Structures are given as structure tokens and as C-alpha cells.
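The values are calculated or read from the model by the stated rules, or taken from the named source; none is laboratory data. This one's a predicted model, so the numbers in the text were calculated from it and none came from an experiment. Here the Cβ positions follow ideal geometry from the backbone for every residue, glycine too, while neighbour counts run over all protein chains shown. The accessibility values were calculated without ligands, DNA or RNA, using every heavy atom of the protein model including side chains. Shrake-Rupley method; radii C 1.70, N 1.55, O 1.52, S 1.80 Å.
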Amino acid sequence: MRCTVVGAGAWGLSAAAELSARGHRVTLVERHGIGNALSSSRGPTRLWRLADPDPLKIRLSLRARDAMRRLERLTAATLHLRRGLLWRDTESLARLAAALRAADVPFTEVEAADVDRFFPGLAGDGRDAVFQADAGVVLAEAYLAAQAERFRANGGLLITGEVVAVDAAARQPEVRLADGTTLTGDAAVVAAGPGAGPLLPSMGVTMTLRPYLEQVVHYAGIEPSAQVPGLIDGPVQDGPAVYAMPTPGVGYKAGLDAPLRPLEPGDDDRTPDPGRTAELTRRIAAMFPGVTPRVVDEQVCSWTDSPDGRFVIDRVGHSTVLACGDSGEGFKYAALVGDVLADLAEGRSPDDDIAALSLARLRALADDPGRAPTALGRTSVPDV
């Protein structure tokens, strides 16, 4: 089978690597190259976790963890680390515990005065928490490198160029580039991150995607050891939720669960905002009063929200597969999504959990242009 994959981020590259490993002839098209500074997949780490108030995401996270382990055995590379996760909040904690209990995922309920036993140095603030051991970080740069090597080793072809349209209605889908090139094959996979939105009309898909920019900061001084867990700290009276994770060799990575700004077409500015860094640093200093957090790195990256905050994974037309709406959580599912997209491109039917992510669920959903992006109280926080 000849297949064209649009987008070389965590999802697209994973799909291209898997398809090529299955013996298909795969052309991967990426506008700026693998791991580029404008992609949603940049940066050294992403948070992975089983903990989520959404039962579907727990099931998918279990499968993604197993897929990551299979990939590590296949590539003989370390691609993720298990460090645990402390989730502290008021509104979401009961739903989180109920979802974990229903899924038979072990966890520990932590009283407010005891949080520093699970995260040394974290100040109590009167809120209880949940600790879940099956969590940690995806080594994102190592992951992309491993998938890129799989892709190359199995004869995949990488093309740098801008895709402007995808004809999904054709028996053999056509991918058209800005330079006039048309790529035709037996199947196409579109996993273009924030670039997916402009391609939807040509695919016959009516859906509003909202891309955003998010800012993260690495701090020195927070990690007393390499084994500190990830952290989700729910909204407080004067600020949004904070998500954070260890990044080996760099520092402790943190971000606010609030977009820096909407990502508009042509916005290639990834300059960190000093005000956002100052706001996050004040929050981190209050959470860890025994240290003086020192900024060692700042990054701005993108993520894309779907109309309901869940992924969109579906077959469109005869043999085109669409994957979009990462909602800031896509990387931790990447090994699973790569396999799923390859299955769909080969014509296999989705299982019930993947079918729940199809376009069909959105047809009865009224689009609200003013809807706030994904937030802790509704589904989950991003892990960028």
C-alpha cells in the first residue's frame, strides 16, 4: 500500500513509522521538519499518567502505556520514566478517585497535611490529594528520534513542504502541496496538529478547531532527587491549575492551565512572555516555600482544542484518516495513536473506545465560539 502521512509530530510520525514497519510505502510530509520549533511536539518531556476523571482516557492511557513499553522493547531505547503523580484539587478529586476505582487502578488518597510525604517540599494548603504511581514523563525528544529512525530504517520518505488541500473524496486520496506537487496513494493520514484546521474544508469536514499557544518553564532548585513525581495542582482563588513534571538533566517543568494566546494563522512568534513566567514563578514559589525557584529555560509551544475537548480520530471519505484536537494531551498517547492510525489506514474497524472519538459524536454538538478551552474541572489539564 502507498500511504501519505501529513504532519511529523508525535501522532503523524508514529503513524508513519508504524505503517512503514508494516511494509507499506510511506511518504511523510512536514512543513518545517521533525521536532521543529513551531511544532506541538517540541521540548524534552511530556507528562504521562493513568489518572484522569474521564474513564475513557484512563482506558486509553492503559493501552498507551503498554504500547510505549512495546516500542521500547522494539527500539531498545528508554522513552518514558515512571515517577508517579500527585493530583491536588477540590472540585475534581472525587470524580478522579471514582474513575480510578472503577477502572481498578491503584491509588492513594492523601490528606492535605501529608502531601509533602509524597512530594518533599510541597507546602500543604488545606486541599487533599491523590497519588497515583503509574505516571511519569515521556522523553519526548528521544521518542521522536526513535520513531524517526524506525521510519528511515523501513524505507520511509520524508518531504519538506506545505500541504494546502487533501481530497478525501477520491478513491485514491490526493494530498496537494503549495508548490504544485500532488501526492496520490492508497491511503492518507492527516495528523497536522494546529495545521489541521485549514485542511478540513478540502476534506469535506465541518468542524471548528481552536489552536492555542502555551508557555512552560523549567526551574532549578525544586528537585531534591531525580525521583520527584509529576504534579497537577488544581485552580486556586487567584490562579489557574498548574501542571508540572521532572525533566532529567534540565529541571522541573511547569505550566499554567491557561493558554498564552490563541494561535492565529501566520503567528510564528515563540518568544516567551515575561509576565507569564513571573506569574508562574510566583505560584511555584508559594507551592515550594523552602526553595528559591530559578528559571533555567522557557518555551512556547502549541496545542489544539476540539469542540468538546476530546481527540478526533476517524476515517474520512474512502481511505483518509483524520487525527486532530490533541487538547494538549496527545503525546502521552502517541505510541497507541500511531498503531491506531495505521490500523485505520489499512481499513480495519475501530474498537469501541476509538469509535467514541469519531466525528459522529460532534454532529449534534452546538459549536460555541466563546467556549473556554479544556480545563481541569471539565475534563483534564494539558501535559505540554
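Restricting attention to segment 135-176, the residues being among the small types (Gly, Ala, Ser) and surrounded by 18 or more Cβ atoms within 10 Å (Cβ to Cβ) number 7. Could you list, in sequence order, the residues of segment 138-192 that are over 26 Å from residue 304 (Cα atoms) and among the polar types (S, T, N, Q)? Within segment 138-192, 154, 172, 181, 182, 184 qualify. Considering each residue of segment 38-56, count those that are in a helix (DSSP H, G or I) and touching a Gly at 6+ places or on another chain (Cβ under 6 Å), and give that number. Within segment 38-56, residues that are in a helix (DSSP H, G or I) and touching a Gly at 6+ places or on another chain (Cβ under 6 Å) number 0.
Evaluation of residue 314 against the conditions (1) more than 21 Å from residue 35 (Cα to Cα); (2) of a type in the set (Asp, Glu); (3) in contact (Cβ under 8 Å) with a residue 60 or more places away in the chain; (4) in contact with a Ser or Thr (Cβ under 8 Å, 6 or more places away or on another chain) shows that the sole unmet condition is (3). Here residue 117 clears all of (1) over 24 Å from residue 189 (Cβ atoms); (2) open to solvent by less than 50 Å² (accessible area, probe 1.4 Å) except the condition numbered (2).
Of the strands (runs of 3 or more DSSP E) lying entirely inside segment 195-297, those containing at least 3 residues that are open to solvent by less than 10 Å² (accessible area, probe 1.4 Å) and either within 21 Å of residue 128 (Cα to Cα) or among the small types (Gly, Ala, Ser) (or both) are 230-233, 242-247, 251-256. Is at least one residue of segment 1-16 within 29 Å of residue 147 (Cα to Cα), out of contact with any Pro (no Cβ under 8 Å at 6 or more places or on another chain) and open to solvent by 50 Å² or more (accessible area, probe 1.4 Å)? Yes; the residues of segment 1-16 include at least one that is within 29 Å of residue 147 (Cα to Cα), out of contact with any Pro (no Cβ under 8 Å at 6 or more places or on another chain) and open to solvent by 50 Å² or more (accessible area, probe 1.4 Å).
On inspection, residue 313 does not qualify as open to solvent by less than 10 Å² (accessible area, probe 1.4 Å), outside any strand (DSSP E or B), over 15 Å from residue 137 (Cβ atoms) and among the β-branched types (Val, Ile, Thr). Cβ-Cβ distances below 9 Å connect the following pairs, each with a first residue in segment 342-353 that is on the phi < 0 side of the Ramachandran plot and of a type in the set (S, T, N, Q), a second residue that is surrounded by 16 or more Cβ atoms within 10 Å (Cβ to Cβ) and not in a loop (DSSP other than H, G, I, E, B), and a separation of six or more residues or different chains: 349/343. Among all residues of segment 162-184, there is none that is over 22 Å from the mean Cα position of the chain (by Cα), under 27 Å from residue 87 (Cα atoms), without any contact (Cβ under 8 Å) to a residue 40 or more places away in the chain and in a loop (DSSP other than H, G, I, E, B).
Just wondering, is there one or more residues in segment 300-317 that are at pLDDT 95 or above, farther than 30 Å from residue 184 by Cα and not aliphatic (A, V, I, L, M)? Taking every residue of segment 300-317 in turn, none turns out to be at pLDDT 95 or above, farther than 30 Å from residue 184 by Cα and not aliphatic (A, V, I, L, M). Is segment 42-62 home to any residue that is open to solvent by 10 Å² or more (accessible area, probe 1.4 Å), within 20 Å of residue 140 (Cβ to Cβ), more than 14 Å from the chain's Cα centre (by Cα) and not small (Gly, Ala, Ser)? For segment 42-62, residues open to solvent by 10 Å² or more (accessible area, probe 1.4 Å), within 20 Å of residue 140 (Cβ to Cβ), more than 14 Å from the chain's Cα centre (by Cα) and not small (Gly, Ala, Ser): absent.
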